[in-house]
1. Has the range 125-137 got at least one residue that is of a type outside the set (A, V, I, L, M), open to solvent by 60 Å² or more (accessible area, probe 1.4 Å) and under 24 Å from residue 2 (Cα atoms)?
2. Considering each residue of the range 114-139, count those that are on the phi > 0 side of the Ramachandran plot and either modelled with pLDDT under 95 or of a type in the set (A, V, I, L, M, F, W, C) (or both), and give that number.
3. Do any strands (runs of 3 or more DSSP E) lying entirely in the range 1-80 carry at least 3 residues that are modelled with pLDDT of 95 or more, open to solvent by 50 Å² or more (accessible area, probe 1.4 Å) and of a type in the set (A, V, I, L, M, F, W, C), and which ones are they?
4. Going through 161, 193, 202 one at a time, which residue ends up being open to solvent by 90 Å² or more (accessible area, probe 1.4 Å), without any contact (Cβ under 8 Å) to a residue 12 or more places away in the chain and either in contact with a helix residue (DSSP H, G or I) (Cβ under 9 Å, 6 or more places away or on another chain) or not aliphatic (A, V, I, L, M) (or both)?
5. Looking only at residues in the range 81-125 that are aromatic (Phe, Trp, Tyr) and in a strand (DSSP E or B), which one is nearest to residue 31 (Cα to Cα)?
6. So, residue 8, is that one on the phi > 0 side of the Ramachandran plot, free of Cβ contacts under 8 Å to residues at least 40 places away in the same chain and not charged (D, E, K, R) or not?
7. Out of (1) out of contact with any Asp or Glu (no Cβ under 8 Å at 6 or more places or on another chain); (2) open to solvent by less than 80 Å² (accessible area, probe 1.4 Å); (3) touching a residue at least 12 places away in the same chain (Cβ under 8 Å), what's the single condition that is false for residue 181?
8. Looking for whichever is under 28 Å from residue 209 (Cα atoms), of a type in the set (D, E, K, R) and crowded, with 19+ Cβ neighbours inside 10 Å here; the options are 115, 106, 102. Which one fits?
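The values are calculated or read from the model by the stated rules, or taken from the named source; none is laboratory data. Values in this document were obtained by computation on a predicted structure and should not be read as measured data. Cβ atoms come from the backbone with ideal geometry, glycine included; neighbour counts cover every protein chain shown. Note: areas computed on protein heavy atoms with side chains; ligands, DNA, RNA excluded. Shrake-Rupley method; radii C 1.70, N 1.55, O 1.52, S 1.80 Å.
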Amino acid sequence: VDFDNTSGLGTTANPPLVALYTDTALGTALAYSTDAGATWQAYDQHPLGIGDVNYETNRDPAVVWHAPSKHWVCAYWQNGTTFYTSPDLKTWTKASSIAFGDVMSDLYELPLDGDATDTRWVLQNADGAYLVGQFDGHSFVPEGEPQDLDVGPSFFAGRTFFRGTFPDPRVVQMAWMKPSVEPTAPFRGSATFPVELAVKTFASGTRVTRTPIAELATLYGAQKHWDAQS
């Protein structure tokens with residue numbers, strides 16, 4: 001949601017929804033909506049200056065607003081992860097790269113141990129590998145080695161929801177359950193439960209935690225029990 005209408009594609013009274021995505025024929029593309037997502041219009045100056053048209057080697061923009069720098073940031077799979085910045089979501093400048101990232105990246109900020117004055121940024125791979133570190137709006141500096149959000153084979157393409165639309169500061173993530181070991185598993189292609197992410201200090205170091213959101217309790221019905229099944 002471009003709340004301040006930095007893109008000029010809506011108004012401040014009616015800020016546009018803006019989607020950046022990989023068009024396999026054009027490269028990085030943009031579409032926008034001024035009617036709460038009911039209809040979308042393609043931006044007429046494609047492609048944007050993010051990556052190139054070869055989606056086999058670079059794709060998947062993840063865009064966040066970096067408030068201290070007052071600009072948009074795109075984390076993009078290109079030679080690891082390449083960061084681009086923009087004042088308006090339309091004009092992009094390459095800022096830096098880091099040799100980490102595979103296919104899809106996500107980028108989000110979390111308070112360390114719940115302290116809003118001491119935050120860390122997380123750079124995440126499609127397969128759930130991640131780095132914790134510092135991000136100044138242009139470059140990412142890791143603190144420690146890559147870790148894993150999930151140890152199973154079925155976590156892929158996890159993305160966090162746009163935080164400006166949430167009524168509280170939680171970072172909520174859902175992933176795609178893409179089983180590689182059991183290709184006919186009945187959950188294949190489903191989405192995970194939404195989880196709240198946090199970053200906490202443990203004896204082994206700083207780690208990201210994932211906790212199913214509290215609202216799942218509203219879905220509970222009468223408790224059921226199944227005897228052992230084969």
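1. Initial filter on the range 125-137 (of a type outside the set (A, V, I, L, M)): 125, 127-128, 130, 133-137.
Going one step further and asking which of them are open to solvent by 60 Å² or more (accessible area, probe 1.4 Å), we end up with 127, 134, 136.
Checking the rest, the ones that are also under 24 Å from residue 2 (Cα atoms) come to 136.
So far as the range 125-137 goes, yes, one or more of its residues are of a type outside the set (A, V, I, L, M), open to solvent by 60 Å² or more (accessible area, probe 1.4 Å) and under 24 Å from residue 2 (Cα atoms).
2. 2
3. Details: elements: 17-23, 27-33, 59-66, 71-77.
Answer list for the range 1-80: none.
4. Values: 161 fails: without any contact (Cβ under 8 Å) to a residue 12 or more places away in the chain; 193 fails: without any contact (Cβ under 8 Å) to a residue 12 or more places away in the chain.
Just a single option satisfies the conditions, and that option is 202.
5. In the first step, residues of the range 81-125 are kept if they are aromatic (Phe, Trp, Tyr); the result is 83-84, 92, 100, 108, 121.
Next, from what is left, pick out any that are in a strand (DSSP E or B): 83-84, 108, 121.
Details: 83: 20, 84: 18, 108: 23, 121: 27 Å.
So, considering only residues that are aromatic (Phe, Trp, Tyr) and in a strand (DSSP E or B), the one nearest to residue 31 (Cα to Cα) is 84.
6. Values: on the phi > 0 side of the Ramachandran plot: yes; free of Cβ contacts under 8 Å to residues at least 40 places away in the same chain: no; not charged (D, E, K, R): yes.
Taking the combined requirement at face value, the residue does not satisfy it.
7. Failed condition: (2).
8. Only one candidate qualifies: 106.
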